[in-house]
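The values are calculated or read from the model by the stated rules, or taken from the named source; none is laboratory data. This is a predicted model, so every value here is computed, not measured. No Cβ is skipped: glycine too gets one built from the backbone with ideal geometry, and neighbour counts run over all protein chains shown. Just the protein is used for accessible areas: all its heavy atoms, side chains included, with ligands, DNA and RNA removed. Shrake-Rupley method; radii C 1.70, N 1.55, O 1.52, S 1.80 Å.
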Amino acid sequence: MLQTKIANIKLANCIYNASGPACSSLEELQALGQSAAGAILSKSATLAPRAGNPAPRYVDTPWGSINSMGLPNKGHAYYLAAAKELASFQKPYIVSLSGMSLADNLKMIAEMQEEENIAAIELNLSCPNLPGKPQTAYDFEQTEKVLAAVFAQNNKPLGVKLPPYFDLLHFEQMAQILNQFPLSFVSCINSIGNGLVIDWEKEETLIRPKDGFGGLGGDYIKATALANVRQFYLLLRPEISVVAVGGIKSGQDAFEHILCGAKAVQIGTHLMKTGPSCFAQISAELTAIMQAKGYQSIEDFRGKLKTA
Ligand code: DHB
């Protein structure tokens, strides 16, 4: 009932993890393999391992989460080697890449392409937590340059992880760039970058890096995520799948994102709060909504949002 396809990749379940929470170590990736998730997506990898920013760097809040992890990860070779270990789960393994430079991204993509047990690459153009490094996808010229270089050498299904946009002209400008390339998918949105959550009693920030500024996830960002999913669903070529991420913690949230046009949905903050059992929970809730409405597949309602 929840099956879907991204490019030519079949997912038995359209619900899987967002890159970031609980997907850094092989043990965590295996737990995703054992869960009801429809795919396994890795933590964003850099060329070399990184320790990331000082703690506290991820805090749950009543409305979601704030983080400034700073790309702690085990390095791209680790996530490449994990592909063979994860093959037995027989679900797509997708590697997220977030190189510190275009050259790093091109090198990592070239290596990942040679591994048949990697189904796709999610190229992250939107990490907000690196001091001194802007989010690539807020620089439209640089994004076009990166994609031109990537697709000059790429032959694996590849999509991009986008930051949230807030201006209608920006959606049009970014879609016009993305439509020029043979992208398989766009995943939107990354956290709303550089929010600030504070403890009024202690009179201090919740997280330590970057003076407390960090990426927001969870309930704070659902409405912005829905808007981004809807805009890109309407503006991108239909061959480019939209993968939704932002504020999904229930079957209803997943249903709303699919109604806006999403072919799959990713879970971030809620996975961090509740662990990999969230995939069975959200799947059961989404299935119940679909049954009550008489829908047999997500294609029966995907994108069919009505305006009042
Ligand atoms: C990190 C955060 C992100 O939102 C992202 O896309 C990549 C990395 C991080 O801080 O580790």
_Counted charge near Ile40, where neighbours are those whose Cβ lies closer than 10 Å (Asp, Glu -1; Lys, Arg +1)_ = 0
*Based on Cβ point charges of +1 for Lys and Arg and -1 for Asp and Glu, what charge dipole magnitude is obtained for the chain about its Cα centre, in debye rounded to the nearest 20?*
420
*Looking at segment 201-308, which GluC sites (Glu not before Pro) are DSSP coil and have at most 10 other C-beta atoms within 10 Å of their C-beta?*
Glu201, Glu203
_Distant-in-sequence amide H partners of Gly64 (H built 1.01 Å from N, under 5 Å)_ = Asp219
*Based on the mean of other beta carbon atoms within 10 Å per residue, what is the order of 206-213, 221-228, 151-158, most packed first?*
221-228, 206-213, 151-158
_Can you list residues from other chains, or at least 5 along the same chain, whose modelled amide H is less than 5 Å from the amide H of Leu123?_
Leu97, Gly159, Val160, Lys161
_Using θ = phi - 60° and Karplus 6.51 cos²θ - 1.76 cosθ + 1.60, couplings along segment 55-61 (whole Hz; Gly, Pro as x)_ = 7, x, 10, 9, 9, 6, 10
*May I ask you to order 127-135, 38-46 by the average number of other C-beta atoms within 10 Å around their residues, highest value first?*
38-46, 127-135
*Gap in Å between the Cα centre of segment 249-289 and the Cα centre of segment 84-134?*
23
*Using θ = phi - 60° and the Karplus relation 6.51 cos²θ - 1.76 cosθ + 1.60, list the HN-Hα couplings for segment 277-288 in order, rounded to whole Hz, with x at every Gly or Pro.*
5, 4, 6, 5, 4, 5, 4, 5, 5, 5, 4, 5
*How do the peptides 240-253, 75-88 rank, highest first, by the average count of neighbouring beta carbon atoms within 10 Å per residue?*
240-253, 75-88
*When we measure straight from the Cα of Lys5, which lysines land under 25 angstrom away, once same-chain ones fewer than 8 places off are left out?*
Lys43, Lys84, Lys91, Lys156, Lys161, Lys222, Lys249, Lys263, Lys293, Lys304, Lys306
*Roughly how many percent of the accessible protein surface of the chain is carbon and sulfur, given a 1.4 Å probe and a whole-percent answer?*
54
*Over all alpha-carbon pairs of the chain, lay out the pair-distance distribution in 20 Å bins, whole %, shortest bin first.*
36, 60, 4
*Could you please report the charge total around Ala254, scoring K, R as +1 and D, E as -1 over all other residues with beta-carbon less than 14 angstrom from its beta-carbon?*
+2
